[in-house]
Amino acid sequence: MVTMVGNESDIKDLVKNLLYLEHDAIAAYDSCIERLDSREFASQISVFKEDHLQHVHVLTAMAGELGIEAPTEGDMKQMLTTGKIALADLMGDAAILKAMKTNEDDTVTAYERAVRHEDAIPASKAFFMKAHQDEERHRSWMDTTAKTLSS
């Protein structure tokens, strides 16, 4: 799935859509943790999930500052993010991590774009950069680990 998050012209829409994306990611993480055979991998995914929960916390505060209601759950894309994990479960941990990596592709792209948003104030840009680094780290671990399992 290719995300359009980060292309919004209004900062309020950007923050709201990042929140939806984060809630979708958390649902996918929960599904992943539940399905992984390796408890070591599930533990690492749980650590990454904490980053997403922190992102939600910061984005919710941003939404409040912008005077908008912060979404408290994902949107319809959540079915896609969790559905990929459920299908991958049929093929094992490597497939689950590959599916999670594709979900991370979207969050990486969204935060790359958010950093460049013309209405983002310096504090917002700093958060977007930190979140982008988190997502890059998650994606890299998932990609490397999945490839190691597949070899």
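Here the spin labels are modelled as points 7 Å beyond Cα on the Cα-Cβ line, and at Ser140 and Val47 they lie 1.3 nm apart. Summarising the label geometry, the points placed 7 Å from Cα in the beta-carbon direction at Glu34 and Ala94 lie 2.6 nm from one another. If you wrap the chain in the convex hull of its Cα atoms and look at it from every side, the mean projected area works out to 8.1 nm². Across the options Tyr20, Thr148, Met129, the greatest Cα extent toward the positive end of the charge dipole of the chain (unit charges at beta carbon of Lys, Arg, Asp, Glu) belongs to Thr148. Note on the chain: with charges restricted to the Cβ of Lys and Arg (+1) and Asp and Glu (-1), its dipole about the Cα centre is near 360 debye. Summed over the residues of the chain and divided among them, the accessible surface reaches 51 Å² per residue at a probe radius of 1.4 Å. Roughly how many percent of the accessible protein surface of the chain is carbon and sulfur, given a 1.4 Å probe and a whole-percent answer? Reported share for carbon and sulfur atoms: 55 percent.
Computed on protein heavy atoms with a 1.4 Å probe, the accessible areas place Met100, Met4 in the order Met4, Met100, largest first.
In the structure shown, the pairs Lys98/Lys125; Lys12/Lys98; Lys101/Lys130; Lys12/Lys125; Lys16/Lys98; Lys16/Lys147 are assessed against 24 Å; a Cα-Cα span above that value is assigned to Lys98/Lys125; Lys12/Lys98; Lys16/Lys98; Lys16/Lys147.
Here each label is just a point 7 Å from Cα along the line to Cβ, and for Glu73 and Ser151 those points are 4.2 nm apart.
The values are calculated or read from the model by the stated rules, or taken from the named source; none is laboratory data. Here the structure is a predicted model, which is why all the values come from computation and not from measurement. Note that each Cβ is placed from the backbone with ideal geometry, even for glycine, and that neighbours are counted across all protein chains shown. Remember, those area values only see protein heavy atoms, side chains included, never the ligands or the DNA or RNA. Shrake-Rupley method; radii C 1.70, N 1.55, O 1.52, S 1.80 Å.
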